[in-house]
Amino acid sequence: MRTLRPVAATALLLLLAVFLLPMLLLGRPAGEEGPEETEPLPTATLPIRKPTAQSGAGGDGATLVRVAMPEGTVSSLTMAEYLWRVVAAEMPASFETEALRAQAVTARTYTLYQMSIGQNPNHPDADMCTDISCCQAHLSPEDAAANWGDQAQIWGEKIARAVSDTDGQAILYEGQPIDAVFFSSAAGRTLDSVEVWGGSVPYLTSVESPEGEEVPNYHTTVTVPVAEFKSVFLVRYPDADLSGAPETWFQNMAPTSSGGVDTVEVGGVTVKGTALRTLFDLRSANFSVTADSETVTFSVTGYGHGVGMSQYGANAMAKAGSSWREILTHYYTGVTIGPWKQE
């Protein structure tokens, strides 16, 4: 019997090493918050495209993403490395943990979707790029640390946990990754994709969104001199009649499902609210407009195209107790959440 005791002791030490060492290495527990950030980074305006093929997935560490960098090189990153950079760029690290998890799954899903539809002509040698008008925002760990200062370690670990806690999870519709578009903040409701891009997508429908006055720059005003408005607008719409008094230019405004501008007649020409947003650099197409002899004034609410997940809405839902899964199934209609693998 005595001869067995050293063996038993050795076995016990090995078990302790196996179970205690990972706990020591993992560090701070999930859910720990850092102080608030003052301003969010901008979000992407992303187009809708139809998938034509599947791409491999699985755990984040087993999936490589080729990223076209601004200097012209292509970096090969694991999905985990890439998602950390996207979440750091796309959502304030001060947001609720469940909102950050929802953002990680949204970014993963959008990346898988883009990889599934084949070569992008804007970056044929890469799966994704760092241009927010094409793909998703991207922030290197070095730049993030410089931005975050003393909170760099806390916020960096918080984002890393949001990615690892949702490892391999994607938003699926009929078993396939969705075109998981997202934006910053809505004015009470999101928009149906058909209202913005002209194509109906079953999982991109209008739903309620709970954010409000806590959003930085939630209400903004853009004032354009009358002469500038005429010159810019007539280049794009030469058939418009802007010879009358400016206060008569805007007629028959048709609202979107969120109360924004679907279409409006300007000088007798019907124009989409999204077109005016682009022409005059408005934060969203949810606006009212007034004009006098000197200026045209847009009063704008929210920020972004309005389709899919609202980031500030996700944070408001998280503060109210919603999980990341509940956030995603709210903003994307009829979807399921789960691992996605190539068949």
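The values are calculated or read from the model by the stated rules, or taken from the named source; none is laboratory data. Small disclaimer: the values here were computed from a predicted structure and weren't measured. Here the Cβ is made from the backbone with ideal geometry for all residues, glycine too, and neighbour counts use every protein chain on show. Ligands, DNA and RNA are stripped out before the accessible areas are found, and what is left, the full protein with its side chains, is counted by its heavy atoms. Shrake-Rupley method; radii C 1.70, N 1.55, O 1.52, S 1.80 Å.
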At a threshold of 8 angstrom on Cα-Cα distance, excluding pairs fewer than six apart, so keeping six or more, what relative contact order does region 256-340 reach in percent? 17 percent
Need one number: nm distance between label points at Asp281 and Ser293, each 7 Å from Cα along Cα→Cβ, rounded to one decimal. 2.9 nm
Highest mean first, what order results for 106-118, 156-168 on Cβ atoms within 10 Å? 106-118, 156-168
Under a Cβ-Cβ cut-off of 12 Å, what is the net charge of the residues other than Thr336 that fall near it, where Lys and Arg count +1 and Asp and Glu count -1? 0
Sorted by mean Cβ packing within 10 Å, highest first, what order do the peptides 90-97, 139-146 take? 90-97, 139-146
Using a probe of 1.4 angstrom, how much of the accessible area of region 66-204 is carbon and sulfur, in percent? 47 percent
accessible surface per residue for region 193-343, probe 1.4 Å, DNA/RNA/ligands not counted, whole Å² -> 46 Å²
Using a Förster distance of 35 Å, the FRET efficiency for Thr336-Arg66 (Cβ separation, nearest 0.05): 0.80
Relative to the present Cα-Cα distance, how much length would full extension add between Ile154 and Gln119 at 0.36 nm per residue of separation? 8.9 nm
Name the shape class, rounded, prolate or oblate, that the alpha-carbon gyration tensor gives for region 96-142, where a ≥ b ≥ c are the square roots of its eigenvalues, rounded holds for a/c under 1.5, and otherwise prolate holds if a/b is larger than b/c and oblate otherwise. oblate
Label 7 Å along Cα→Cβ of Glu208; region 93-107 residues with amide nitrogen under 15 Å? none
Sorted by average packing, counted as other Cβ atoms within 10 angstrom per residue and highest first, what order do 69-76, 281-288, 247-254 take? 281-288, 247-254, 69-76
